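What follows is one structure encoded as structure tokens, with my remarks underneath.
The values are calculated or read from the model by the stated rules, or taken from the named source; none is laboratory data. None of the values given here were measured: they were computed from a predicted structure. Cβ placement follows ideal geometry from the backbone for every residue including glycine, while neighbour counts extend to all protein chains displayed.
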Amino acid sequence: MILKSIYLKNFRLHKSSVLEFSDELNYIVGGNGQGKTTILESIYYLCTTKSLNGSSDYESVNFNEEFFEIKGKFFDLTENNVVINFINESKRKNIYIDEKQIYKSSEVIGKFPVVTLTQSDHAVTFGSPGDRRKFIDSVISQTSETYLKILIEYNKTLKQRSSLLSQIKERYSPVLVDQLDAWSEALLKNGSEIVKHRLKFIDEFNVYVSEAYKNVMEESEIPFIDYDFYGSKKVDEIKDRFNEELTTNRNDEIRRGTNLVGPHRDEFQFILNGKELRKYGSQGQHKTFQIALRFAQFFYMKDKIQKSPIFLMDDVFGELDSYRAKKISHYLKEIGQAFITMTDFTNYKFLARNEKDKLIEVSEGKAVYA
Amino acid sequence: MLIAEPLQIAIEELSKLPGIGRKTAQRLALHVLKSDINNVNNLLNSLKDLKEKIKFCKDCFNISTDDLCDICKSVKRDRTVICVVEEASDVIAIEKTNEYNGLYHVLGGVLSPLSGTDPESLKIKELFDRLEKEKINEIILALNPDTEGEATSLFLAKRIKPLGINVTRIARGLPIGGDLEFADEATIGRAVINRSSI
């Protein structure tokens, strides 16, 4: 899938910008606060109808203005024109695909797949197990609607069960305890499905990660994501293992009034050369792993949904030495179309470029082609 | 803006109804205002009758005009099968199919610790009283396929099975007359897993 052009009106710093993109690499260069990331942000909006960093629609409207509008022209097998606008007064966001209004943002998600590599990926390797689960869940959900639905069901069950457990903790009564088994069984059903999906996914995804890592880094470091569910990696054992854990921890769960076992506590360990990255990895290894994960996600999604996602890379080159910047710019050629922001030109001369690539300079919310 | 008070009150009351927003409420109120007084009286009386004359069947808790509903009274129904549903509206939905000839039991909701609905606030005890008194061969669980419906089904199944009664659940899958390609992934997935032989 290719994004041909975008039009931004009152979107953050951009009062009115029209941008034509290359089918290959688009380098967006400019100083801090000039509106580079805003371009990535607007592309992300077109793909997901949501902001990249979790800010509200309201915050994206240019100061002194009453609305913003983003238009994008995608091309896959056919042309798709996406329009998103937000009007302060009505607090309404309107989404149109090919002039037809879309009322549910879920109808857009998945239609224009997108992969982002940003500074906040830091959390994926450095952060808590929850940050890694979030990453893994987002990759699987984008390729499997079934997984997303089970995950939603599981989280609802988790909430209900947690409420029940805390009620039991507060006042022990047979009526309350009586219900626990039913909620445990519901948890067991959805939870085992989640674990099965995750096991299968990690198995496949590991191949993509090591391939990506090789392309980002020359050295023979071997990356690996390790995942097991209470010591088990066998799909047909999962339900029994889960059930055992629920039985063993039943009294503890009641005493503490909260859910203690299940895939919501899963840990995905990132391993490099047999050692746990989080504990033993250098800054550089973390960065390389983060980059490899996103490239792996790109190629995994591309294979699964038979559509090339939009690739957004925010301010990553600034942190890399010239050797790795060059290596990654080579690898980007395999992606197809990508959007890359950079604060300065220091690394630019090292990048592998060809005449189809585009350099867009951004200054005070205006874009110029270099 | 000043709106005549009776109109304001009518809009206020109408917008309390489910699915009715302020704008629709205003439209309805203005429509009533323009209507013939006889029509308005008919509407009023029908609503009043609804509240005064309808009660809940003492056996199955379906809506009824008598102590027992027409289904529970009927001699033509199969009295060995009970279909358990969430609300009386589900009885109407199943009755419309003409595919079911047994009895019903309306729970009046589903288990939900978050909103404080426990087995005691549902008609679960009443269901087991029926199972004790009557000769029932099969219980069909026809609760919504959502989180709470699932948990409630599991809760009931676990307690009914030891009584030696066959417990089944309505199938879930593809809509009749629908195109396979338009169904969502989760539904198709479920339909494949729960496929039946022909």
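When B:CYS60 is tested against (1) closer than 16 Å to B:LEU141 by Cα; (2) under 20 Å from the mean Cα position of the chain (by Cα); (3) assigned by TED's automatic domain parsing to the domain that holds B:SER121, only condition (3) is not met. Only residues that are at pLDDT 80 or above and either loosely packed, with under 12 Cβ neighbours inside 10 Å or more than 13 Å from chain A (Cβ to nearest Cβ) (or both) were counted across segment B:182-195, and they come to 2. Checking A:GLY231, A:GLY274, A:GLY257 one by one, the residue that is surrounded by fewer than 19 Cβ atoms within 10 Å (Cβ to Cβ), over 20 Å from the mean Cα position of the chain (by Cα) and under 18 Å from A:LYS159 (Cβ atoms) is A:GLY257 and no other. Among residues of segment A:149-170 that are touching a residue at least 24 places away in the same chain (Cβ under 8 Å), those with a beta-carbon under 6 Å from a residue that is of a type in the set (D, E, K, R) at least six positions away or on a different chain give the pairs A:ILE150/A:GLU193; A:LEU165/A:GLU253. Within segment B:142-164, none of the residues are within 13 Å of chain A (Cβ to nearest Cβ), outside any helix (DSSP H, G or I) and more than 21 Å from B:LEU114 (Cβ to Cβ). Restricting segment A:114-128 to residues that are buried (at least 19 other Cβ atoms within 10 Å of the Cβ) and within 14 Å of A:GLY284 (Cα to Cα), the residue that is farthest from the chain's Cα centre (by Cα) is A:THR125.
Considering segment A:158-194 alone, what residues qualify as being facing chain B (nearest Cβ under 8 Å) and within 24 Å of A:SER232 (Cα to Cα)? Quick ask: steps written out before the conclusion?
Narrowing segment A:158-194 to residues facing chain B (nearest Cβ under 8 Å): A:159-161, A:163-164, A:167, A:175-176, A:178-179, A:181-183, A:185-186, A:189.
Residues satisfying the conditions are A:ASP181, A:TRP183, A:GLU185, A:ALA186, A:LYS189.
With respect to the conditions (1) among the acidic types (Asp, Glu); (2) within 23 Å of A:LYS358 (Cα to Cα); (3) crowded, with 18+ Cβ neighbours inside 10 Å, A:GLU79 falls short on a single one, namely (3).
If we scan segment A:109-125, do we find a residue that is within 12 Å of another protein chain (Cβ to nearest Cβ), in contact (Cβ under 8 Å) with a residue 24 or more places away in the chain and within 24 Å of A:PHE298 (Cα to Cα)? Looking for residues that are within 12 Å of another protein chain (Cβ to nearest Cβ), in contact (Cβ under 8 Å) with a residue 24 or more places away in the chain and within 24 Å of A:PHE298 (Cα to Cα), one finds at least one in segment A:109-125, hence yes.
As a summary of the residue check, A:ASP203 satisfies the conditions (1) more than 14 Å from chain B (Cβ to nearest Cβ); (2) assigned to a helix (DSSP H, G or I); (3) modelled with pLDDT under 95 except for the one numbered (3). Looking across segment A:231-272, the residues that are part of a loop (DSSP other than H, G, I, E, B) and closer than 19 Å to A:ARG132 by Cα come down to A:GLY231, A:LYS233, A:LEU260, A:VAL261, A:GLY262, A:ASP266, A:GLU267, A:PHE268. Return the residue satisfying two criteria in turn: it lies in segment B:85-111 and is among the aliphatic types (A, V, I, L, M) and away from chain A (no Cβ under 14 Å), and of such residues it is nearest to the chain's Cα centre (by Cα). Out of the qualifying residues, it is B:ALA88. Selection of strands (runs of 3 or more DSSP E) fully inside segment A:293-370 by the criterion of at least 3 residues being buried (at least 21 other Cβ atoms within 10 Å of the Cβ) returns A:310-314, A:338-342.
Which of the residues spanning segment A:44-73 are among the polar types (S, T, N, Q) and either surrounded by 16 or more Cβ atoms within 10 Å (Cβ to Cβ) or not assigned by TED's automatic domain parsing to the domain that holds A:PHE21 (or both)? Once the filter is applied, which keeps residues that are among the polar types (S, T, N, Q) and either surrounded by 16 or more Cβ atoms within 10 Å (Cβ to Cβ) or not assigned by TED's automatic domain parsing to the domain that holds A:PHE21 (or both), segment A:44-73 yields A:THR48, A:THR49, A:SER60, A:ASN62.
Of the residues screened, A:LYS111 is one that is over 12 Å from the mean Cα position of the chain (by Cα) and under 26 Å from A:ILE84 (Cβ atoms).
Against the test of being outside the structural domain of B:ILE94 (by TED's automatic domain parsing) and out of contact with any helix residue (DSSP H, G or I) (no Cβ under 9 Å at 6 or more places or on another chain), the options B:ILE198, B:ILE140 yield a single qualifying residue, B:ILE198.
A count restricted to segment A:173-195 and to residues that are in contact (Cβ under 8 Å) with a residue 24 or more places away in the chain and more than 24 Å from A:TYR230 (Cα to Cα) stands at 1. Residues that are surrounded by 18 or more Cβ atoms within 10 Å (Cβ to Cβ), out of contact with any strand residue (DSSP E or B) (no Cβ under 9 Å at 6 or more places or on another chain), touching a residue at least 40 places away in the same chain (Cβ under 8 Å) and within 13 Å of chain A (Cβ to nearest Cβ) do not occur anywhere in segment B:112-133.
Reported count of residues in segment B:83-99, each being surrounded by fewer than 19 Cβ atoms within 10 Å (Cβ to Cβ), touching a residue at least 12 places away in the same chain (Cβ under 8 Å) and not acidic (Asp, Glu), is 1.
Evaluate the following for B:LEU103: is it aliphatic (A, V, I, L, M), in contact with a Pro (Cβ under 9 Å, 6 or more places away or on another chain) and buried (at least 21 other Cβ atoms within 10 Å of the Cβ)? Considered against the rule, which asks whether it is aliphatic (A, V, I, L, M), in contact with a Pro (Cβ under 9 Å, 6 or more places away or on another chain) and buried (at least 21 other Cβ atoms within 10 Å of the Cβ), B:LEU103 comes out as no. Could you tell me whether segment A:139-157 includes any residue that is more than 14 Å from chain B (Cβ to nearest Cβ) and either under 23 Å from the mean Cα position of the chain (by Cα) or hydrophobic (A, V, I, L, M, F, W, C) (or both)? Yes, there is a match, as at least one residue in segment A:139-157 is more than 14 Å from chain B (Cβ to nearest Cβ) and either under 23 Å from the mean Cα position of the chain (by Cα) or hydrophobic (A, V, I, L, M, F, W, C) (or both).
Scanning segment A:144-161 for residues that are polar (S, T, N, Q) and crowded, with 18+ Cβ neighbours inside 10 Å returns A:SER144, A:THR146, A:THR157, A:GLN160. Taking the conditions exactly as written (hydroxyl-bearing (Ser, Thr, Tyr), within 21 Å of B:ASN62 (Cα to Cα) and at pLDDT below 95), does B:SER115 satisfy them or not? So B:SER115 fails the test.
The single residue among A:TYR103, A:TYR58, A:TYR96 that is without any contact (Cβ under 8 Å) to a residue 60 or more places away in the chain, within 18 Å of A:SER16 (Cα to Cα) and hydroxyl-bearing (Ser, Thr, Tyr) turns out to be A:TYR58.
The single condition from (1) surrounded by fewer than 19 Cβ atoms within 10 Å (Cβ to Cβ); (2) at pLDDT 95 or above that B:LYS58 fails is (2).
Within segment B:50-72, does at least one residue satisfy the condition of being on the phi < 0 side of the Ramachandran plot, in contact with an Asp or Glu (Cβ under 6 Å, 6 or more places away or on another chain) and part of a strand (DSSP E or B)? Within segment B:50-72, not a single residue is on the phi < 0 side of the Ramachandran plot, in contact with an Asp or Glu (Cβ under 6 Å, 6 or more places away or on another chain) and part of a strand (DSSP E or B).
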